[in-house]
Amino acid sequence: MNKFRWSMFGLIVAAAAISVIITINQNAKSYEETQEDTSPVLETTDFETTDEEYTEEPALENEEVLYELGLGPASKREDVMKTMHSMTHQKVVSEEKWYNLEMNSENINALYNFIDDSEIIDYKSELLRIVGKWKEGNFDDIVEEHNYLWGEQNGNVGKATGVLTPEEEAQFVKLNFE
């Protein structure tokens, strides 16, 4: 008799759960049906332009360069540090180099201006100090800078151990950027 009671109790609980699920599903459907479509209606205007009349202004200075560096208006400190870290690979000896961005004056200047103009990047002065040295052609501390950026990204493989010779750097550039 006891098994019968537990079986009946189980059936009642299962039936109640199924009815609750069905009720919730029906209420969700009726709610969706009553909601108005509030998405904006875009009107189109037919007009002709020539290439001379229409020139798109970039939203950011050096927008194309920044895009190639993986940076945009919503970029934060972590994004900038990843870009900087990727640029250091051109100059350092490291076991692993997963991302490579060319460290040339155009990229360095665009990166410096991006950091300087940003209002959302934390620790701006530290990043500007590093990139400012690069702008001046000073790579004396590139190993320490790489390892700082690498460490801030929780790196565990690829710690820099030295500086590439000019010949090794030229080979790296040739293999990765030409």
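Here are a few things to note about the model shown:
- Taking segment 114-125 as the range and being under 20 Å from Leu66 (Cβ atoms) and either surrounded by fewer than 17 Cβ atoms within 10 Å (Cβ to Cβ) or aliphatic (A, V, I, L, M) (or both) as the test, the residues that pass are Ile115, Asp116, Asp117, Glu119, Ile120, Ile121, Asp122, Tyr123, Lys124.
- Checked against the criterion of being in contact with a His (Cβ under 8 Å, 6 or more places away or on another chain), in the same structural domain as Val173 (by TED's automatic domain parsing), in contact (Cβ under 8 Å) with a residue 12 or more places away in the chain and aliphatic (A, V, I, L, M), segment 85-92 contains one or more residues that satisfy it.
- Scanning segment 145-162 for residues that are crowded, with 19+ Cβ neighbours inside 10 Å, in contact (Cβ under 8 Å) with a residue 24 or more places away in the chain and in a helix (DSSP H, G or I) returns Glu145, His146, Leu149, Trp150.
- Unmet criterion (only one of (1) touching a residue at least 40 places away in the same chain (Cβ under 8 Å); (2) over 10 Å from Lys91 (Cα atoms)) for Ile142: (2)
- Evaluating Leu128 against the criteria (1) under 23 Å from Asn176 (Cβ atoms); (2) surrounded by 12 or more Cβ atoms within 10 Å (Cβ to Cβ) leaves one unmet condition, (1).
The values are calculated or read from the model by the stated rules, or taken from the named source; none is laboratory data. Given the structure is predicted, the values throughout are model-derived calculations rather than measurements. Note: ideal-geometry Cβ built from the backbone for every residue, glycine included; neighbour counts use all protein chains shown.
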